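Taking it in order: structure first as structure tokens, then the write-up.
The values are calculated or read from the model by the stated rules, or taken from the named source; none is laboratory data. Not measured: the values here are computed from a predicted model. Neighbour counts run over all protein chains shown; Cβ positions are idealised from the backbone, glycine included.
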Amino acid sequence: MPRVRISPQQLGNEIAELQRQLGCATKNLAQAKDATLGSCQRDAVCRIGSATLYHYKALTNVGSSVPVLIVYALVNRPDMVDLQHDRSLVRALLERGLDLYLIDWGYPNGADRATTLSDYICRYIDSCVDYIRTTSEQERINLLGICQGGTFSACYSALNPKKIRNLITTVTPIDFHTPKDMLSHLFRHVDVDLMVDSSGNISGDLLNAMFLSLKPFRLAQQKYVHMLDDVDDEESMKMFLRMEKWIFDSPALAGAAFREFAGDFYQKNNLIKGQVRLGGHGVHLNNIDMPVLNIYARDDHLVPRDASLALAKYVGTSDYEAIEFPGGHIGIYVSSRAHIVLPDAIQAWLSRR
């Protein structure tokens, strides 16, 4: 094994630099600890169960813009789409004149353990869509679904095609049995019924641990090493802490909904088989006859590209477009280039429709 040769002077310099970095880290982390998430003003306009519908205050004249409803996943909090002023999908879309709403699923408690996917999709999303349609006097609105929220949006659009003008999905799983889907392989070895029957609601911390286990070095260790490269920059430290707050602010998942999603989608892959039933109706993706924009992340480890691109095979519209983002599952929303590339693509696509 080759020896690493380093002089006493070099070693002393390395130790001194490390001490300087740790000193900066202590100072900047202390100043950044109160960094808050969110940069855009919004009003709570409707509440359904534990969910809240928010309407963002316009930053430009929206005119007759068709409203866009953002549907987030049940896992983690939707703060990620408005993390801070310069890393905010919401702000970027508002600056481009879109009229934005967002569903916040809240924090399910023991009383919500029996909440089903039909409740989330056929009651909560439908109530929000109808509220926006009535308020805006629009017959149909646009849906923008994120990750699992994109799957929900696809299901809702298939059940209610006359209420949706355009469907946008981002990093959205459709085919849950593609070869590179590590999360799917993991869930297929989990006794979902035992988890729910013994726990009721499923701990968000448990799910976070499962997600981190897919890339343990990069997601649980490497980021802290890389943090040292930015310890001199207080704003970088604030960004780091905001991401940490978002990652570890993990609401529990309603037991019944988790049982259905893990079983019907991840384990049985029933969505593409047309065997999912919600609200007493079958979900058939070929009922999606409105224009579809499907945005996927090239380096996504949670929703591989094939899992998302499968949507093209099943929708009933010829107006389908897919766009690749050069990044990962989270970077598509919070990387330095994301707040330009993603909103530009969405605004341009919607403006043509």
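Of everything in the stretch 304-317 that's in a loop (DSSP other than H, G, I, E, B) and touching a strand residue (DSSP E or B) at 6+ places or on another chain (Cβ under 7 Å), which residue is surrounded by the fewest Cβ atoms within 10 Å (Cβ to Cβ)?
By that ranking, first place goes to THR317.
For the stretch 27-50, give me the residue count where each residue is out of contact with any Lys or Arg (no Cβ under 9 Å at 6 or more places or on another chain) and at pLDDT 85 or above.
Qualifying residue count for the region: 5.
Taking the stretch 187-200 as the region of interest, how many residues are among the hydrophobic types (A, V, I, L, M, F, W, C), more than 20 Å from the chain's Cα centre (by Cα) and not in a loop (DSSP other than H, G, I, E, B)?
4
Would you check if ILE202 is in contact with a Pro (Cβ under 6 Å, 6 or more places away or on another chain), crowded, with 21+ Cβ neighbours inside 10 Å and either more than 23 Å from TYR320 (Cβ to Cβ) or not aliphatic (A, V, I, L, M) (or both)?
The answer is no for ILE202.
Could you check the stretch 109-137 and list, in sequence order, the residues that are of a type in the set (Asp, Glu), in contact with a helix residue (DSSP H, G or I) (Cβ under 9 Å, 6 or more places away or on another chain) and in a loop (DSSP other than H, G, I, E, B)?
None; the set is empty.
Which numbered condition in (1) touching a strand residue (DSSP E or B) at 6+ places or on another chain (Cβ under 8 Å); (2) more than 20 Å from ALA254 (Cβ to Cβ); (3) modelled with pLDDT under 95; (4) not charged (D, E, K, R) is the only one that ALA92 fails?
Failing condition for ALA92: (1).
Taking only the stretch 107-151 into account, find how many residues are touching a Gly at 6+ places or on another chain (Cβ under 8 Å) and of a type outside the set (Ser, Thr, Tyr).
Residues in the stretch 107-151 being touching a Gly at 6+ places or on another chain (Cβ under 8 Å) and of a type outside the set (Ser, Thr, Tyr): 8 in total.
When you go through ALA252, ALA297 one by one, which is the residue that is more than 16 Å from VAL75 (Cβ to Cβ), modelled with pLDDT under 95, surrounded by 19 or more Cβ atoms within 10 Å (Cβ to Cβ) and in contact with a strand residue (DSSP E or B) (Cβ under 7 Å, 6 or more places away or on another chain)?
Answer to the selection: ALA297.
Which one is nearest to PHE152 (Cα to Cα) among residues in the stretch 236-249 that are aromatic (Phe, Trp, Tyr) and surrounded by fewer than 20 Cβ atoms within 10 Å (Cβ to Cβ)?
TRP246
Looking at the stretch 259-270, I want the residues that are part of a loop (DSSP other than H, G, I, E, B) and have a partner that is of a type outside the set (A, V, I, L, M, F, W, C) with Cβ atoms under 6 Å, at least 6 apart or on another chain. Which pairs are those?
ASN269/HIS177
How many residues are assigned to a strand (DSSP E or B), crowded, with 24+ Cβ neighbours inside 10 Å and not polar (S, T, N, Q) when one looks only at the stretch 138-163?
Going through the stretch 138-163 one residue at a time, the tally reaches 4.
Given the structure, is ARG352 among the basic types (Lys, Arg) and touching a Ser or Thr at 6+ places or on another chain (Cβ under 9 Å)?
Judged against the criteria, ARG352 is not a match.
Residues are listed down the side, and each one gets a yes or a no for (1) closer than 30 Å to ALA252 by Cβ; (2) in contact with a His (Cβ under 6 Å, 6 or more places away or on another chain); (3) surrounded by fewer than 21 Cβ atoms within 10 Å (Cβ to Cβ); (4) of a type in the set (Lys, Arg):
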| residue | (1), (2), (3), (4) |
| --- | --- |
| ASN61 | no, no, yes, no |
| VAL68 | yes, no, no, no |
| TYR72 | yes, no, no, no |
| SER88 | yes, no, no, no |
| ASN109 | yes, no, yes, no |
| TYR120 | yes, no, no, no |
| ARG123 | yes, no, yes, yes |
| ASP126 | yes, no, yes, no |
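Could you please let me know if THR172 is part of a loop (DSSP other than H, G, I, E, B), closer than 21 Å to ILE272 by Cα, in contact with an Asp or Glu (Cβ under 7 Å, 6 or more places away or on another chain) and not charged (D, E, K, R)?
So THR172 does not fit the description; no.
Residues in the stretch 111-119: is at least one in contact (Cβ under 8 Å) with a residue 60 or more places away in the chain and touching a strand residue (DSSP E or B) at 6+ places or on another chain (Cβ under 7 Å)?
For the stretch 111-119, residues in contact (Cβ under 8 Å) with a residue 60 or more places away in the chain and touching a strand residue (DSSP E or B) at 6+ places or on another chain (Cβ under 7 Å): present.
Within the stretch 318-330, can you find the residues that are buried (at least 17 other Cβ atoms within 10 Å of the Cβ) and not aromatic (Phe, Trp, Tyr)?
Across the stretch 318-330, the qualifying residues are GLY327, GLY328, HIS329, ILE330.
For the subset of the stretch 331-353 comprising residues that are surrounded by fewer than 20 Cβ atoms within 10 Å (Cβ to Cβ) and hydroxyl-bearing (Ser, Thr, Tyr), which member is farthest from ARG242 (Cα to Cα)?
SER351
Assuming LEU53 fulfils every condition listed in (1) modelled with pLDDT of 95 or more; (2) in contact with a Ser or Thr (Cβ under 7 Å, 6 or more places away or on another chain) apart from one, which condition is it?
(2)
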